[in-house]
Structure formats: structure tokens, C-alpha cells
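Student: Sharing a structure, written as C-alpha cells. Questions coming.
The values are calculated or read from the model by the stated rules, or taken from the named source; none is laboratory data. Because the structure is predicted, anything quoted here is derived from the model rather than measured. Cβ sites come from the backbone with ideal geometry, for glycine too, and all protein chains shown count toward neighbours.
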Amino acid sequence: MPVPLLDLRAQHATIKDEVVKSVLELVDSQLFILGAPVERLEKEVAELSHTPYAVGCASGTDALLLALRALDVGPGDEVITTPFTFFATAGTIHNVGATPVFVDVEPDTFNISVDAIERAITAKTKAIVPVDLFGQMAPVERIAAIARGIPIVEDAAQSIGASRMIDGVRRMAGEVPTIGTFSFFPSKNLGGYGDGGMMVTQDKGLADRLRRLRMHGGSRQYFHDEVGYNSRLDALQAAVLSAKLPHLAAWSAKRRTNAAYYNRALADVRQVVTPFVDPANESIFNQYTLRCERRDELQAHLKGRGIGTSIYYPLPLHLQPCFAYLGYRAGSCPESEHAAQQVLSLPIYPELTTAQLDEVVAGVRSFYGV
């Protein structure tokens, strides 16, 4: 039985009428740039994130870039982040002219190490960019406690709707940092039918500047306070996302159910380590990622059975050729390097049937002869 890593057609089949209705209403209006659909989605995401301000933009990558620009990060500045993440996290730091400073991750959650951040802070540190990897939040409150007032940009591209218990209160992804950033890439739990992103913040001044930066640096047409970008969230994507948003909580809950199913079914396979979720966190399982022995062989075995998998991420960013100028060497971030050799993500999307879950489990168990 084939089991793809992700089946967006299965999801679309369940919401087709709602999405098509929203899209056709937008097409009939012929109002495609910003406007009511984007404003509506911004309000919805702000409410979800427990923040007063949300600003849509063209992609999750642009959300990071605009956030750094809004914080005046630039040449001569250092930004601390993790090397075990998607390229955009560090690529945007480079693209605003700052220097990425890579620190290692925790071996259990794969999220950035707070102790490593504290050791890396210097007089040049202008921002800290933790990543909510695979759907569970980084310990943003602990990072804030050691940040000494340094702004925090939470890369929440994989964690919209995730939460964390902080001082007895459940806080949402994007709620605590200076700016939180989201991606609506189609593979995300809340994915569009194309690219899109959003930034959330508690700070009105930052929100106003983010809106200017996404529109060539101006708050009025043809008047520009600074040089910005053309990075507007497409109204068509906003309409799609607003139609999908009411389903997000149920989809993420089903991902957690699927993860628990895998955890039980693989508990006795000593060659794999199932994902660890910090007890303070409620993960949305954007990915279900194992540590496993003979990872590449297992992946080939599963592929032979028609089971989709992926490696997030095969080469940590501090070892990427484009960052060679920073001077990192193998062994600089050993936990990230070790994880890159072991991780393998299995299908976790909410439309998986029990038979498909069993097929994945059987594939893993058969490889290890369990």
C-alpha cells in the first residue's frame, strides 16, 4: 500500500467546497492585492496567536527578513540562531548584512540550546532567532530571561497553533517574542495554495513598520519613508487560508493522535528513538521525526515499499558551503551534526488511515527484524 509523505489532495477533498467558494468570491471581486481577505486573515491569525497585530507578507522567508529589517539588524551585527533548521532562518540573517552565529541544539527536542545562546551573546548580538522545529515551541521564556533585552524573532514557520505552558499560562507560538513569523507554504499545517507568510507582534510601532516594509517602505502610495520590499500576502492565498483556518486545530489534533499511534507501535524497536515533546509543549507535529540506526538504509527500504519519507535536515547550516566564510568546522555543533546523520521523518498528515499507519509501522519493523 503506497503511503506518501504528504497527501494534499486528500486534504483538499475534504474542504474543496469551502475553498472554491472563497476563491470564486475573490475572483468575482477582482480585488487581488491586500484588501479585505488579507485583513481578515491577519485578524484571525492575531487572535490565534494571542497578539494584537499581524502583518501578512509574501512568504515565511520574507517574514523573517522583514522582521530583522524592522529591528534594524544589519552590517556589523550578529544574530544567534540554530544550524539545524531550514536554510531561510540563516539566509535572511545574511541577506540583511548581519552575521549568523550558530549554536547547537538540544539532543532531545532538536531545538536551540538556551545555555549555548547565553555563551554566544556578545556586544554585537542584535537579535536571537530560535526555531520551533518540527512543530514544538522552543523555550522562548527561558531565552527571553537570558537575552538581556536583545530582541527575539521566533521562527514559528512549523508551529502555527502550537503552545507552551509558561508560568502556569498556555502561550501560543508567536505570542512571547518581539516578533513571531509564520509560513503558509503548502506543506505546513496551515498551508496555502502557493506561498505566503505572516508576522505577529505585541508592538504597534513594529507592526506599523512591518506594514511599510512590505510595501516598498511607504505607508501611502508613492511616498516612501525607507527602502522596503514588494512582499504582500496575495489576497487569493488569504482567502484560501481563511477557509482552511477553522480546520487547523482538528488537523493538528489528528497529527498528535497519529504521532501517539507511531510511538506505541514503535516503542519496542530499540534501533529508533521516537520524538520527544517537552512536557510544557503541545506540539502540532509538522513533522514526525525519528532518530534511527542505519538511517539511509531504512529510508531506501521504506521507499521500496512505497512509503514516503524525508530527511530534515541532511547537512546543518554551519557546514553549508555558502557559510564557509564564517569559519565553522565539523565538530563545531556536534548535536546538530549527529542529528543530521540520524533523523528521518515519516508520514504524519491528518488524513492518514489506520491501514496506512500500520503500513508505515510494518515497514520500519520489518527493516529492523522486529
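Student: Which condition number in (1) in contact with a His (Cβ under 6 Å, 6 or more places away or on another chain); (2) more than 20 Å from N111 (Cβ to Cβ) is the one that C333 fails?
Tutor: (2)
Student: What residue, of L190, L206, is assigned to a helix (DSSP H, G or I), hydrophobic (A, V, I, L, M, F, W, C) and at pLDDT 95 or above? Show your work before the answer.
Tutor: Numbers: L190 fails: assigned to a helix (DSSP H, G or I).
Of L190, L206, the one residue that is assigned to a helix (DSSP H, G or I), hydrophobic (A, V, I, L, M, F, W, C) and at pLDDT 95 or above is L206.
Student: Here is a list of conditions, (1) surrounded by 24 or more Cβ atoms within 10 Å (Cβ to Cβ); (2) within 19 Å of R255 (Cα to Cα), and E154 meets all of them except one; can you say which number that is?
Tutor: Here E154 meets the rest and fails (2).
Student: Could we say that G180 is in contact (Cβ under 8 Å) with a residue 24 or more places away in the chain, under 23 Å from A235 (Cβ atoms) and not in a strand (DSSP E or B) here? Even if it seems obvious, please write down each step before you answer.
Tutor: Working: in contact (Cβ under 8 Å) with a residue 24 or more places away in the chain: yes; under 23 Å from A235 (Cβ atoms): yes; not in a strand (DSSP E or B): no.
The answer is no for G180.
Student: Exactly one condition in (1) in a helix (DSSP H, G or I); (2) in contact (Cβ under 8 Å) with a residue 60 or more places away in the chain; (3) farther than 24 Å from V200 by Cβ is false for L68; which is it?
Tutor: Among (1) in a helix (DSSP H, G or I); (2) in contact (Cβ under 8 Å) with a residue 60 or more places away in the chain; (3) farther than 24 Å from V200 by Cβ, L68 violates only (3).
Student: Of the residues V343, V277, V272, V361, which is modelled with pLDDT of 95 or more, farther than 30 Å from A90 by Cβ, of a type in the set (A, V, I, L, M, F, W, C) and not assigned by TED's automatic domain parsing to the domain that holds K188? Let's see the steps before the verdict.
Tutor: Details: V343 fails: farther than 30 Å from A90 by Cβ; V277 fails: farther than 30 Å from A90 by Cβ; V272 fails: farther than 30 Å from A90 by Cβ.
None of the others qualify; the one that does is V361.
Student: Of all residues in segment 204-223 being in contact with a Lys or Arg (Cβ under 8 Å, 6 or more places away or on another chain) and of a type in the set (G, A, S), which is surrounded by the most Cβ atoms within 10 Å (Cβ to Cβ)?
Tutor: The extreme case among them is G218.
Student: Here's another thing I want to ask about it. Does segment 115-123 contain at least one residue that is under 18 Å from the mean Cα position of the chain (by Cα), of a type outside the set (V, I, T), assigned by TED's automatic domain parsing to the domain that holds V23 and modelled with pLDDT of 95 or more? Can you show your working first?
Tutor: Residues of segment 115-123 under 18 Å from the mean Cα position of the chain (by Cα): none.
The answer is no, given that none of the residues of segment 115-123 is under 18 Å from the mean Cα position of the chain (by Cα), of a type outside the set (V, I, T), assigned by TED's automatic domain parsing to the domain that holds V23 and modelled with pLDDT of 95 or more.
Student: With the requirement that a residue be within 23 Å of R148 (Cα to Cα) and either of a type in the set (D, E, K, R) or in a loop (DSSP other than H, G, I, E, B) (or both), what does segment 80-96 give you?
Tutor: Correct list: T82, P83, V96.
Student: Additional query: Can you tell me which of R164, R171, R142, R148 is more than 20 Å from T61 (Cβ to Cβ) and assigned to a loop (DSSP other than H, G, I, E, B)? Break it down stepwise before answering.
Tutor: Details: R164 fails: assigned to a loop (DSSP other than H, G, I, E, B); R171 fails: assigned to a loop (DSSP other than H, G, I, E, B); R142 fails: assigned to a loop (DSSP other than H, G, I, E, B).
Going through R164, R171, R142, R148 in turn, just one is more than 20 Å from T61 (Cβ to Cβ) and assigned to a loop (DSSP other than H, G, I, E, B): R148.
Student: Could we say that T99 is surrounded by fewer than 24 Cβ atoms within 10 Å (Cβ to Cβ), more than 24 Å from Q287 (Cβ to Cβ), in contact with a Leu (Cβ under 8 Å, 6 or more places away or on another chain) and among the hydroxyl-bearing types (S, T, Y) here? Let's see the steps before the verdict.
Tutor: Working: surrounded by fewer than 24 Cβ atoms within 10 Å (Cβ to Cβ): yes; more than 24 Å from Q287 (Cβ to Cβ): yes; in contact with a Leu (Cβ under 8 Å, 6 or more places away or on another chain): yes; among the hydroxyl-bearing types (S, T, Y): yes.
Spelling it out, T99 is indeed surrounded by fewer than 24 Cβ atoms within 10 Å (Cβ to Cβ), more than 24 Å from Q287 (Cβ to Cβ), in contact with a Leu (Cβ under 8 Å, 6 or more places away or on another chain) and among the hydroxyl-bearing types (S, T, Y).
Student: Something else about it: Being buried (at least 17 other Cβ atoms within 10 Å of the Cβ) and touching a Pro at 6+ places or on another chain (Cβ under 9 Å) is the filter here, so list the residues in segment 261-276 that pass it.
Tutor: Passing the criteria: only Y262.
Student: Within segment 111-120, does at least one residue satisfy the condition of being surrounded by 22 or more Cβ atoms within 10 Å (Cβ to Cβ), in a strand (DSSP E or B), touching a Lys or Arg at 6+ places or on another chain (Cβ under 6 Å) and not polar (S, T, N, Q)?
Tutor: No: zero hits.
Student: While we're here: Determine whether D195 is of a type in the set (D, E, K, R), over 27 Å from F276 (Cβ atoms), part of a loop (DSSP other than H, G, I, E, B) and at pLDDT 95 or above. Don't jump to the end; show me each part of the working.
Tutor: Numbers: of a type in the set (D, E, K, R): yes; over 27 Å from F276 (Cβ atoms): yes; part of a loop (DSSP other than H, G, I, E, B): yes; at pLDDT 95 or above: yes.
The answer is yes for D195.
Student: Within segment 222-253, how many residues turn out to be over 20 Å from D195 (Cβ atoms), assigned to a helix (DSSP H, G or I) and touching a Gly at 6+ places or on another chain (Cβ under 8 Å)?
Tutor: Qualifying residue count for the region: 2.
Student: A follow-up question, please. Checking the structure you have, find out if any residue of segment 50-62 is free of Cβ contacts under 8 Å to residues at least 12 places away in the same chain and either closer than 27 Å to I152 by Cβ or surrounded by 15 or more Cβ atoms within 10 Å (Cβ to Cβ) (or both). Show your work before the answer.
Tutor: Step one: filter segment 50-62 for residues free of Cβ contacts under 8 Å to residues at least 12 places away in the same chain, giving none.
No: segment 50-62 contains no residue that is free of Cβ contacts under 8 Å to residues at least 12 places away in the same chain and either closer than 27 Å to I152 by Cβ or surrounded by 15 or more Cβ atoms within 10 Å (Cβ to Cβ) (or both).
Student: May I ask you to list the residues in segment 13-40 that are outside any helix (DSSP H, G or I) and of a type in the set (G, A, S)? Reasoning before the result, please.
Tutor: So in segment 13-40, the residues outside any helix (DSSP H, G or I) come out as 30-35.
Passing the criteria: only G35.
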